[in-house]
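What follows is calculated from the coordinates using simple rules that are stated; it is not laboratory data. Just so we're clear, the structure is a prediction, and the values are computed from it rather than from any experiment. Positions of Cβ are backbone-derived with ideal geometry, glycine not excepted, and every protein chain shown enters the neighbour counts.
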Amino acid sequence: MSGVSVVFHAATLQKPHIATHSRQAFIDVNITGTLNLLEEAVAAGVGSFVFTSTTSVFGDALRPTSGAPAAWVTEVVTPVPRNIYGVTKAAAEDLCQLFHRSHGLACIVLRTSRFFPEEDDDKTVRETYAKDNAKVNEFLFRRVDLEDAVAAHVLAAQRAPEIGFRRMIVSATTPFLPQDVRELRADAPSVVRRRVPNYEVEYQRRNWKMFPSIDRVYVNDQARKELGWQPRYDFAHVIGRLSSGEGPLSPLAQIIGAKGYHAQRFAEGPYPVE
């Protein structure tokens, strides 16, 4: 890392690898790998360290009990990881905080929501919704366009020296408000109709469906405030693109496309689920 001023640490084993890789492999890559990078960054005098984490660290905190309102997820929510992926990403976040505390390394942790273009791993979702239908629905509460995710990383690298250390959620700006959370669990289409009234015309034209219930909403207020991040691809913007004949993805996301998680193909789904 000699001469390096910024580290973008996005290397990881992810949720799609849980069924194909050992827990030890997750520890070796996600925890030990992060430790190696942090130590080298400190030794080289790196100015900014940006760690790509995940909203998956919240785990069971995203699963409200039956009859409870949707979870309103901000950075103050305590993570409760529910698999080895979440556990190792949360541990890597803590290593970043430790290296800031002990060595003064400026480090921003970005908890990104979904931006992968592959079809959903949930068979019921695949069978019930067209691929783009499900992804556009997710812009309401749990998805971010790749172009906006990249912009957040660049801003994090620029702002890290003055911020020091911070964890931030990176997700599309939701149209929902905290007072919507109970109704979102019971009747999500009614809430969407109220907040983005023009969506139904485009959905009817495409024979798309809204999710009947939404169980969590990722809130990006902190990243927008502290980084000056201005994500473009929210649900309303995507609906506008669809209405004008464009696709839901940004030009950058279209260029990059789907990279896949494994070298082999599987009989059912984009990857096996544990």
Item to complete: Starting from the Cα of residue 22, step 7 Å along the direction of its Cβ; do the same at residue 75; then give the gap between the two resulting points in nm.
Response: 3.7
Discussion item. Please compute the contact order of the chain in relative form: average sequence separation of alpha-carbon pairs under 8 Å and at least six residues apart, divided by the residue count, as a percent.
Written reply: 24
Worksheet item: Can you give the FRET efficiency for residue 68 and residue 39, using 1/(1 + (r/R0)^6), R0 = 51 Å, r = Cβ-Cβ distance, to the nearest 0.05?
Response: 0.75
Worksheet item: Spin-label point model (7 Å from Cα, Cβ direction): what's the residue 2 to residue 193 distance in nm?
Response: 6.6
Item to complete: Determine, for each peptide in 257-270, 154-167, 68-81, 86-99, the mean count of other beta carbons within 10 angstrom over its residues, then list the peptides with the highest first.
Response: 86-99, 154-167, 68-81, 257-270
Item to complete: Report the label-to-label distance for residue 254 and residue 162 in nanometres (one decimal), using points 7 Å from each Cα along the Cα→Cβ vector.
Response: 3.5
Practice prompt. Kindly write out, for the stretch 53-64 in residue order, the coupling ³J(HN,Hα) from the Karplus curve 6.51 cos²θ - 1.76 cosθ + 1.60 (θ = phi - 60°), rounded to whole Hz, with x marking Gly and Pro.
Written response: 9, 8, 5, 5, 4, 5, x, 5, 5, 8, 10, x
Worksheet item: So what's the net charge close to residue 80: Lys and Arg +1, Asp and Glu -1, counting the other residues with Cβ under 10 Å from its Cβ?
Response: +1
Item to complete: Compute the label zone of residue 103 within the stretch 161-197: residues whose backbone N is under 19 Å from the point 7 Å along Cα-to-Cβ.
Response: 161-167
Item to complete: Could you size up the charge dipole of the stretch 115-274 around its Cα centre, putting +1 on the beta carbon of Lys and Arg and -1 on that of Asp and Glu, and report it in debye to the nearest 20?
Response: 280
Worksheet item: When Rg is the radius of gyration of the Cα atoms in the stretch 1-147 and Rh is its Kirkwood radius, what does Rg/Rh come to?
Response: 1.01
Item to complete: Using θ = phi - 60° and the Karplus relation 6.51 cos²θ - 1.76 cosθ + 1.60, list the HN-Hα couplings for the stretch 24-29 in order, rounded to whole Hz, with x at every Gly or Pro.
Response: 5, 4, 4, 5, 5, 7
Worksheet item: If Lys and Arg each add +1 and Asp and Glu each add -1, what is the summed charge of the other residues whose beta carbon sits under 12 Å from the beta carbon of residue 185?
Response: -1
Fill in: Contour excess over end-to-end distance, with Cα ends at residue 11 and residue 273 and 0.36 nm allotted per residue
92.2 nm
